[in-house]
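First up is the structure itself, then whatever we jot down about it.
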Amino acid sequence: MPNKNNNKIIYIPDKSEFVNFGLSILKDNDFTFSLEAKYDSWVAMQWKTGGGRKIKDWKATLKNLVSF
């Protein structure tokens, strides 16, 4: 789902694409609920991180979030 932001269109994936990408990073299906919750929170915050920054590259942001 595209989101227009300062004349740039930011791609917002649907929940299944987001979760599937997250699971491919984590290699563990036990995190499905957590990924769905993170997606819902980003949508509720108008596609911003908890710190209020706009998410321009959701894949990179998610990778940074789950790399531990």
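The values are calculated or read from the model by the stated rules, or taken from the named source; none is laboratory data. As the structure is a prediction and not an experimental result, all values here were calculated from the model. Reconstructed Cβ throughout: ideal geometry from the backbone, glycine too, with neighbour counts over all protein chains shown. These area figures cover heavy atoms from the full protein model, side chains too; ligands, DNA and RNA do not enter into them. Shrake-Rupley method; radii C 1.70, N 1.55, O 1.52, S 1.80 Å.
Nearest 10 degrees, 0 to 90: what angle lies between the long axis of helix 32-44 and the longest principal axis of the chain (Cα atoms)? Around 10 degrees separate the two axes. The count of lysine pairs in the chain that are at least 8 places apart or cross chains, and whose C-alpha atoms lie under 13 Å apart, stands at 11. Prolate is the label for the chain, because the ratio a/c of its alpha-carbon gyration tensor axes (a ≥ b ≥ c) is 1.5 or higher and a/b is greater than b/c. Only helices enter the 222 nm calculation for the chain: every DSSP H run of n ≥ 4 contributes -39,500 (n - 2.57), and dividing by all residues gives -15500 deg cm²/dmol, rounded to 500.
Solvent-accessible area assigned to carbon and sulfur over the chain amounts to 52 percent, based on a 1.4 Å probe.
For the chain, the longest principal axis of the C-alpha atoms and the axis of helix 15-26 are separated by about 50°. The residues of the chain have, on average, 71 Å² of accessible surface per residue, using a 1.4 Å probe with all protein chains present. Putting +1 on Lys and Arg Cβ atoms and -1 on Asp and Glu Cβ atoms, find which of Gly52, Phe21, Ser67 reaches farthest to the positive end of the dipole of the chain. The listed residue farthest towards the positive side: Gly52.
Considering only alpha-carbon pairs that sit under 8 angstrom and 6 or more positions apart, the relative contact order computed for the chain is 26 percent. Peptide packing for 49-60, 14-25 was compared via the average number of neighbouring C-beta atoms within 10 Å per residue; ordered from the highest value, the list is 14-25, 49-60.
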